[in-house]
Structures are given as C-alpha cells and as structure tokens.
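The values are calculated or read from the model by the stated rules, or taken from the named source; none is laboratory data. Bear in mind that the values here come from a model prediction, so they are computed numbers and not experimental data. Reconstructed Cβ throughout: ideal geometry from the backbone, glycine too, with neighbour counts over all protein chains shown. Keep in mind that these areas ignore ligands, DNA and RNA; they rest on the heavy atoms of the full protein, side chains included. Shrake-Rupley method; radii C 1.70, N 1.55, O 1.52, S 1.80 Å.
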Amino acid sequence: MEEQIRRLKLWDEGKKKGPYFFRLFLTSRCNLKCKFCVYGSKKSEQFQEELTLKEWIRIIKEVSGLGCKRVDILGGEPFIRKYETIKIMSMLKEHNFSASVTTNGTLLDSNMIHEIVKMDWDVIQISIDSPNKKIHDYYRGEKGTFNKAIKSLKLFNYWKNKLKKKKPSVVVASVLTNWNFLDLEEMVKLTYKYKANCFDATPLFQDFPEVGKFQLNEENNPKLLKSIKYALKYVKEKKLFSNLQGLYENFDVINEKDKFEKIKQKRISEKKIEFPICFEPWLTLKIDSGGWVTCCSSQSEKKFNIKNKDVRDLWYGKYFNKIRIRMLRKQPINACKHCCYNVYSTNMKLYENIKRREPNLLKIH
C-alpha cells in the first residue's frame, strides 16, 4: 500500500507516475475446459493472434522504464507457451520486478519448477477448486487435473527445500462457487498439508450464461458466512496467509451482481470519501495476449493496441486520461458493471488507508 499511496500523492501534486501493476495476459488459450471460464469454451478459431516473445520483451523494457514494480502473468494458461513464459519470467526478475504467475499446475514438470525456484520467482498461484479430486476434475473439464496440481505443489516444496530457497510463495487459489463454498476449511487444510504459503478464494463473477449456474446467490449467504468463519479459525491456528478475512469483511458483495456498482457507491457515500470511484487508471496497466491495452482486469474493449506503439505514450495519452477524468467525476465506464471482487477489495483497502493517513488527498489531477 505504501508505494501505491506514494504514487497517488505524486499524481495529486501534478507529478505523473507510471503504473504500479502490470497485468500481462500472455495467452488466452488453455489446455483445460473449465466449467466457469469463458476461455475454456472458446474454439481454436476464436483466439486472436498473440504477441510474439520479441514484442513482449520490448513491452517489458518500456514498462520497467516507467517504474512499474509488480507484474502478474495471467492467461488462459501461461504454460501453454512454455518457452516464452519461462523466458519472460527470467527477464522480469532481471528487471527487479516483484512478479506472480497463475497456473492450473497441469503443465509444469520437475525441470520447469527447478528453474522457477532457482530464479527466485516471487509468487506462483496454483488453481485447486475442491479438496475432492472428482469435483475438481469436473470443474476443470478433464480427469487427472487434481493429481497433477497436487504433484506441482509437492515439487515446489521439494525444490525449495533442495535449493534452500524461501521463494516462490506458493498460493492455492480457488474459484468460489455455489458448489464448493462449504469446502473452505478443507481447502485451507489442503493448503497446510502440502506446505503452500497461502490460500486465496476468489468469488466467481462472470456475466456469461454458460457459467451462471455456478454463481453464488443470496440463499447461500448463511452457510457461506459460517464456512468462512470456520476456515478463518484454521488459518489463524496454523498461521497461514489468506484472503478470507477480506472476504469476511466484504461479505455483502461476494454474491452480488446487478447491485455491485450500487454497493460500491453506497460504501463510498457512507464513508464520505471524495476520492475517485476507482484508482485502477492511475495504478494498473493491462495488456492482453493480442496487445490490446486497458487499465483494468475487468475491461476488455479493443480500442488501442500496443503493437508499434510506445507504452509511455498510451499510459500518459488521451485514452487513459479520459478514463481518469471519469473516475474523478464518479462516472463509471462500461467495464465497471463487470467489476470483479479482487479489484473491488483492492480499492477499498486503498480508500481505508488513504482516509486514515492522507485525509487531504481528495483530488487526483
């Protein structure tokens, strides 16, 4: 939070700063067909032409030059592009980024994991959606995926011990649905059993009919709240890291859909905060696998492409500035309707910290 607030203060003083977060969507392809993911439902001809390794290297250098500190490699499944992913990971560490990669864990082998541990990679998130392998495999659309993900957890632990490394921090990441919300305590126990460092549960929030049947609803609330409480007790007992406390504190937005934006506005109004409705345009740069540039993970419009363009020109250009002005005026853009829980919770943490520590930071120029 310290660095994000520092950058916002500089913007407030008229001193423009580069992005803090860079979300790098290396590919939209995946080797699995997850029931709740739009990528898994796509046919091969629907995928866009992807940026080359050479193009990504150029982009990373430019982002580094803007003073960016954190990078998240996302997909699709990044390790579909095995060689490019490892090369990009290595380059990010050479440029002193704090970086993470999210994977389903099925394409990793011992040699790859050895290389990842050896380079002092920061965070690896491995997706496991149920402590029951049959349910997890059903979610992921292929038998054997649970065992492969568990094998990856074991291999990370093996190589970290062998090389005497503390990194990477291994996160067990679950998509929270109406099928697995009662399994939170068991998922935390699985995290502890396989010596991962953190458990992260992200509520499913998709506007696609094909995944709607997995969406949490208000009927789940009483049992969901109990499930979070029981899991939190185990987290504290075993001294694990987890986002469950945040889920508990933001419980009223976990399964909201149409009212998501209304709730954000209500919270901001209640706390009498006069900051922008969202800080993403000042802190976050997202580039998808085809080179389309936006300021938010929930935003997918295709207006500006990074091919043959400089990252600096786009970041300080009319497109981003127009969105910043709208956020200052509390005028949501279309992407705000699809705001995901992680973006929402990050913004609320910033609001709380700024309100407490920088009460005069009321306008961003």
Only one of 289, 300 is open to solvent by 70 Å² or more (accessible area, probe 1.4 Å), touching a Ser or Thr at 6+ places or on another chain (Cβ under 9 Å) and part of a loop (DSSP other than H, G, I, E, B). Can you tell me which?
300
Report whether or not residue 354 is open to solvent by 40 Å² or more (accessible area, probe 1.4 Å), hydrophobic (A, V, I, L, M, F, W, C) and in a helix (DSSP H, G or I).
no
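Return yes or no: is residue 364 open to solvent by less than 40 Å² (accessible area, probe 1.4 Å), modelled with pLDDT under 80, of a type in the set (Val, Ile, Thr) and within 16 Å of residue 11 (Cβ to Cβ)?
Working: open to solvent by less than 40 Å² (accessible area, probe 1.4 Å): yes; modelled with pLDDT under 80: yes; of a type in the set (Val, Ile, Thr): yes; within 16 Å of residue 11 (Cβ to Cβ): yes.
Criteria met by residue 364.
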Are there any pairs with C-beta distances below 7 angstrom linking a residue in region 158-172 that is over 12 Å from residue 194 (Cβ atoms) to a residue that is open to solvent by less than 60 Å² (accessible area, probe 1.4 Å) and among the polar types (S, T, N, Q), with the two at least 6 apart or on different chains, and if so which?
169/197
Read through the list (1) modelled with pLDDT under 95; (2) under 20 Å from the mean Cα position of the chain (by Cα), then give the number of the only condition that residue 138 fails.
(2)
If we keep just the residues of region 303-327 that are open to solvent by less than 20 Å² (accessible area, probe 1.4 Å) and β-branched (Val, Ile, Thr), which is farthest from residue 49 (Cα to Cα)?
323
I'd like to verify a number: residues in region 120-136 that are in contact with an Asp or Glu (Cβ under 9 Å, 6 or more places away or on another chain) and open to solvent by 40 Å² or more (accessible area, probe 1.4 Å), how many?
5
Scan region 213-232 residue by residue and report those that are part of a helix (DSSP H, G or I) and surrounded by 12 or more Cβ atoms within 10 Å (Cβ to Cβ).
214, 220, 221, 224, 225, 226, 227, 228, 229, 230, 231, 232
Identify the residue in region 168-179 that is open to solvent by less than 10 Å² (accessible area, probe 1.4 Å) and more than 23 Å from residue 113 (Cα to Cα) and, among all such residues, is nearest to the chain's Cα centre (by Cα).
176
Lone qualifier among 61, 87 - being basic (Lys, Arg) and either open to solvent by less than 10 Å² (accessible area, probe 1.4 Å) or touching a helix residue (DSSP H, G or I) at 6+ places or on another chain (Cβ under 8 Å) (or both):
87
Please find, within region 92-114, the residue that is farthest from residue 30 (Cα to Cα) out of those that are in contact with a helix residue (DSSP H, G or I) (Cβ under 6 Å, 6 or more places away or on another chain) and surrounded by fewer than 17 Cβ atoms within 10 Å (Cβ to Cβ).
95
Across region 61-103, what is the number of residues that are within 15 Å of residue 19 (Cβ to Cβ), touching a Cys at 6+ places or on another chain (Cβ under 9 Å) and of a type in the set (A, V, I, L, M)?
0
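Here are 252, 200: which of them is acidic (Asp, Glu), in contact with a strand residue (DSSP E or B) (Cβ under 9 Å, 6 or more places away or on another chain) and either at pLDDT 95 or above or outside any loop (DSSP other than H, G, I, E, B) (or both)? Break it down into steps so the answer makes sense when it comes.
Details: 252 fails: in contact with a strand residue (DSSP E or B) (Cβ under 9 Å, 6 or more places away or on another chain).
After ruling out the rest, the residue left standing is 200.
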Matching residues, region 333-348, being outside any loop (DSSP other than H, G, I, E, B) and surrounded by 14 or more Cβ atoms within 10 Å (Cβ to Cβ):
335, 336, 338, 341, 342, 343, 344, 345, 346, 347, 348
Quick one: is residue 330 open to solvent by 80 Å² or more (accessible area, probe 1.4 Å), more than 17 Å from residue 65 (Cβ to Cβ) and of a type outside the set (A, V, I, L, M, F, W, C)?
no
